Amino acid sequence: MWQILILVCALSGPCDKQSAHFSVRVPEPAPGLAMCGLVGQAYIAETGLVQADERVKILCTASGRRTTA
C-alpha cells in the first residue's frame with residue numbers, strides 16, 4: 001500500500017514540504033505505485049483547492065517504510 005501526500009506550490013521555484021503553500025494527505029492509501037498518482041490526481045481535482053497560478057506534486061511513500069536522517 002502507498003501513502004499519498006499532495007503538495008500545492010507556486011508555479012516557479014522549488015516544490016517540497018517546506019516551500020509548499022499547503023499539503024494534503026489523502027486518507028486512504030493506494031494499492032500500487034501507478035495507482036498512487038491517479039488517486040492523488042483525482043483526490044485533489046475533487047477539492048477545487050488548486051488555483052491557476054499553482055502546481056501540484058504528488059508524493060508516494062510505501063506504507064511501513066522507515067527512513068533515517
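No lab work stands behind these numbers, since they all come straight from the coordinates. This one's a predicted model, so the numbers in the text were calculated from it and none came from an experiment. As a convention, Cβ positions derive from the backbone with ideal geometry for all residues, glycine included, and neighbour counts pool all protein chains shown.
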Have a look at Gly13, Met1, Gly37 and report the one farthest towards the positive end of the charge dipole of the chain, computed about the Cα centre with Cβ charges (Lys/Arg +1, Asp/Glu -1). Met1
Average Cα contact separation per residue, the chain, under 8 Å, 6 or more apart, as relative contact order %: 46 percent
Round to the nearest 10 and give me the degree value, 0 to 90, for the angle of helix 33-47's Cα axis relative to the longest principal axis of the chain. 40 degrees
Sites removed, the longest contiguous part of the chain containing no DSSP-loop trypsin sites (Lys or Arg not before Pro) with at most 13 other Cβ within 10 Å is 18-64
Residue-span extension gain [Ala10 to Gln51] - 0.36 nm each, minus C-alpha spacing: 13.8 nm
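Nearest 500 deg cm²/dmol is fine: what mean residue ellipticity at 222 nm does the chain get from its DSSP H runs of n ≥ 4 alone, each adding -39,500 (n - 2.57), divided by its residue count?
-7000 deg cm²/dmol
Quick check: residue separation of Leu38 and His21 times 0.36 nm, minus the Cα distance between them. What number comes out in nm?
On the way: separation 17, 0.36 × 17 = 6.12 nm, distance 2.16 nm.
Taking Leu38 through His21 to full extension adds about 4.0 nm, to one decimal.
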Cα gyration tensor, the chain - rounded (a/c under 1.5), prolate or oblate: oblate
